[in-house]
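The values are calculated or read from the model by the stated rules, or taken from the named source; none is laboratory data. From a predicted model like this one, the values you see are computed outputs, not experimental measurements. In this analysis, Cβ positions are derived from the backbone assuming ideal geometry, glycine residues included, and neighbour counts consider all displayed protein chains. What goes into the accessible areas is simple: the full protein's heavy atoms, side chains included, and nothing from ligands, DNA or RNA. Shrake-Rupley method; radii C 1.70, N 1.55, O 1.52, S 1.80 Å.
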Amino acid sequence: MKFFGKTTLIKKLLAFYLVIVMGSFYFMLVFGRSYIYDQVQEETKNAMITAGKQIISSYFDRPDYTSESIAKMRDELSMTGDNYGNRILVIHNDGDIVLDTGKKNVPSTPYNVRNHHESDFLRNEYTYDYTIGGYLSSPSLCVSLPLLKSTQFLGHLIIVQGNEYITEKTDFYYGVLSKVYYILLALLLLTYIGLYFFCFVPLKKLREGCKDFAIGRDNPPILINSHDEYGELAETLNILGNELSKFDEYQRKFLSSISHDFRSPLTSIRGYLQAIQDGVIAPEDQDKIINIILSETDRLTKLTNEIVGLNSFDRDNIFLEISEFDIHKLIREVTDAVSGLAGKKHVKISTTFQPGTPVIVMADRERINQVLYNLLENAVKFSIDGGKINVRTLLRKDTILISIKDNGIGIPKKDLGKIFDRFYKSDLSRGRDKSGSGLGLSICREILKAHKQDIDVVSTEGAGTTFSFSLQTK
Ligand code: ADP
């Protein structure tokens, strides 16, 4: 449904409201009154039949009752009729109206229903809108009950109620119903107004806020000052928006870091190759230059592998190949692998293992190898010449704690919270380590997160650093 431009929920509900108002109004006008009239008529008729039966049992069901005594009952019946609010007639079995509480005296020649061909109604228990052939001045509801004395038929008791009474009563009920109806319409309208302010206004704000998020506009947060579901939703959306803009920021940084990290080795490779092509490299320097080019390509390969690895972690389901292996054996393998690098800097790597039988852990051997390698390689990279590194293991309840401690340059306090961020390198390390991409520690953390383990760092600038993490033991 489209009117006045865009279709909105409030317009739909308003249209629904108008349909309800118009429909119910039409129903009230066309059917409401006549329905009430019919109900009142029915109710009045039943009351008259009950009253008639009571009158018969009180006045006519007596052994001393004869048709001659009827005339004498007039005054008593008038009072009774008044009490019930009805007019009472008695019609003799010959058709004469011998008693009428609505008239002072019965004429000497009484009105005879048979002679006026109006006796049919006597056979029906009730007749609506009837004047008894003009005997009654206005249409009335007439209830007819037979008067019997054992098996002897004496005549009929007629109870009469004018239509005006039914109309008046109908008007009264209709008035009450109309008031209730208007009150209900007003309440419904108030409900709509409430709905508008409590639901549609915040919904509109949410919708506009979401639109801004969708088109990536940097907007102020959605402000809904309530603690209801809308308030909560706005808060959640604001968090989401915040995360989205953080993600945007991360992507920007990611691209600029990645392009920088790729560009510098490429530029240097290109520069050296150009120099070789131009023949400006002395033959005795060629080996050195080729080694530099090789190390730059190694750097590019390492960087590419790290990015590919991180990308697979981002897909959120790192596939771990969990196996059982001796952690001490793996540590020994990794220390051997970095010993060449350590030797160049005269760095000594020692181990202090948990004494006793081999410690078997349950983890992805290949990935843990990567974690240990990254941490040990960092420890060597950031160690001073002749530095010392110690790898220690400590058995806990059902885990083993592995820590790698160096006495290198340390990490400034302000950088400690950021070293696990992707591409982060502390200012202190920049000068010393040109090969690092700043991805190693974030890869370690992702791998350990997949193992449901955390990684910790304790460091003092100028004194050294200790990284530690735990693994599940068998
Ligand atoms: P990179 O590949 O550059 O080493 P990492 O993510 O492994 O990247 O490390 C991020 C930064 O954390 C390093 O650039 C360095 O500043 C700091 N860092 C990591 N390990 C150590 C350590 N053992 N000693 C001092 N600084 C370290």
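If the requirement is being out of contact with any Phe, Trp or Tyr (no Cβ under 7 Å at 6 or more places or on another chain), at pLDDT 95 or above, within 20 Å of ARG445 (Cβ to Cβ) and surrounded by fewer than 17 Cβ atoms within 10 Å (Cβ to Cβ), which of these qualifies: LEU330, LEU401?
LEU401
When the residues of region 358-387 are filtered to those that are of a type in the set (Asp, Glu) and open to solvent by 40 Å² or more (accessible area, probe 1.4 Å), which remaining residue is farthest from THR466 (Cα to Cα)?
Within region 358-387, the match that is farthest from THR466 (Cα to Cα) is GLU366.
I'd like to check something: does region 138-148 contain any residue that is open to solvent by less than 70 Å² (accessible area, probe 1.4 Å) and in a loop (DSSP other than H, G, I, E, B)?
Checking region 138-148: at least one residue is open to solvent by less than 70 Å² (accessible area, probe 1.4 Å) and in a loop (DSSP other than H, G, I, E, B).
Given the options VAL380, VAL457, name the one that is of a type in the set (Val, Ile, Thr), more than 7 Å from the ligand (Cβ to nearest atom) and in a helix (DSSP H, G or I).
Sole residue among the options that is of a type in the set (Val, Ile, Thr), more than 7 Å from the ligand (Cβ to nearest atom) and in a helix (DSSP H, G or I): VAL380.
Among the residues of region 1-52, what is the count of those that are under 27 Å from LEU122 (Cα atoms), surrounded by fewer than 13 Cβ atoms within 10 Å (Cβ to Cβ) and touching a residue at least 12 places away in the same chain (Cβ under 8 Å)?
So the answer is 0.
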